[in-house]
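The values are calculated or read from the model by the stated rules, or taken from the named source; none is laboratory data. For clarity, every value in this text was computed on a predicted model and none was experimentally measured. Methodologically, a virtual Cβ is constructed for each residue, glycine included, from the backbone with ideal geometry; neighbour enumeration extends over all protein chains shown. The accessibility values were calculated without ligands, DNA or RNA, using every heavy atom of the protein model including side chains. Shrake-Rupley method; radii C 1.70, N 1.55, O 1.52, S 1.80 Å.
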Amino acid sequence: MPVQETNHISYQRSFYIEGGNFNYAGIVSTSIKSILKQMDFPSNVVRKCSIVCYESEINVVSYARKGVVNLTINSNTIQIEVIDEGPGIPNIDLAMQEGYSTATQKIREMGFGAGMGLHNIESYSDAFIISSELGKGTRLLMTINIKQ
Ligand SMILES: Nc1ncnc2c1ncn2[C@@H]1O[C@H](COP(=O)(O)OP(=O)(O)OP(=O)(O)O)[C@@H](O)[C@H]1O
Ligand SMILES: [Mg+2]
């Protein structure tokens, strides 16, 4: 009997991010990286997921109150959704531009604020969706194809 090919969800897990706390900044992307490595995904797939996850996690820590990362592994794709509660982004086109940053002195002292994060997220994702509501928060959805 022919079996219909569908894009099954095989793994799903959520991670919490605390805004403003740089002590734990990067811990979610490190966890996701080790999960994907353990599942034996190709190193370039793991690398792309780690980069997009890290950049969005740092943005939540830097600019939002709190956030959640939803990792969903399907048969063809890995999806990383990052939703935060925060100020939102007033002008997404501007925020996406290389070098645009509103990072404070404190964020810059932590080594961030080059204005490259969103640009890198877009270029390392195979599909990227960003939406934001002022005063509410921001949602990013990054899709990485498993077969590159
Ligand atoms: N989750 C967010 N909530 C509110 N504003 C955000 C969020 N993510 C990004 N921004 C805004 O978009 C700007 C650009 O973000 P981007 O990640 O590209 O650069 P950056 O964080 O300033 O510097 P870098 O990522 O290179 O360290 C930020 O400076 C900030 O103003
Ligand atoms: Mg950033």
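So which residues in the range 13-41 are in a helix (DSSP H, G or I), open to solvent by 20 Å² or more (accessible area, probe 1.4 Å) and among the hydroxyl-bearing types (Ser, Thr, Tyr)?
Thr30, Ser31, Ser34 - these are the residues of the range 13-41 that are in a helix (DSSP H, G or I), open to solvent by 20 Å² or more (accessible area, probe 1.4 Å) and among the hydroxyl-bearing types (Ser, Thr, Tyr).
Looking at the range 53-77, which of the residues that are part of a helix (DSSP H, G or I) and more than 9 Å from ligand 2 (Cβ to nearest atom) is nearest to the chain's Cα centre (by Cα)?
Ranking the candidates gives Cys53 first.
Go through the range 97-121 and count every residue that is within 12 Å of ligand 2 (Cβ to nearest atom) and open to solvent by 30 Å² or more (accessible area, probe 1.4 Å).
13
Filter the helices (runs of 4 or more DSSP H) completely within the range 88-148 down to those with at least 3 residues that are in contact (Cβ under 8 Å) with a residue 12 or more places away in the chain.
Filter on the range 88-148 gives 92-96, 117-124.
Every residue in the range 42-62 that is open to solvent by less than 40 Å² (accessible area, probe 1.4 Å) and more than 16 Å from ligand 1 (Cβ to nearest atom), please.
Within the range 42-62, Val45, Val46, Lys48, Cys49 qualify.
Quick one: in the range 79-96, of everything that is in contact with a Leu (Cβ under 7 Å, 6 or more places away or on another chain) and open to solvent by less than 10 Å² (accessible area, probe 1.4 Å), which residue is farthest from ligand 2 (Cβ to nearest atom)?
The qualifying residue farthest from ligand 2 (Cβ to nearest atom) is Ile80.
If you go through the range 122-148, how many residues are open to solvent by 40 Å² or more (accessible area, probe 1.4 Å) and either of a type in the set (D, E, K, R) or farther than 17 Å from Asp93 by Cα (or both)?
Matching residues across the range 122-148 total 10.
Could you list, in sequence order, the residues of the range 134-148 that are touching a helix residue (DSSP H, G or I) at 6+ places or on another chain (Cβ under 7 Å) and either of a type outside the set (Val, Ile, Thr) or farther than 20 Å from Asn76 by Cβ (or both)?
Scanning the range 134-148 gives Leu140, Met142, Gln148.
If the requirement is being within 11 Å of ligand 1 (Cβ to nearest atom), among the β-branched types (Val, Ile, Thr) and touching a Gly at 6+ places or on another chain (Cβ under 6 Å), which of these qualifies: Ile107, Ile130, Ile121, Ile92?
Exactly one residue qualifies, and that residue is Ile107.
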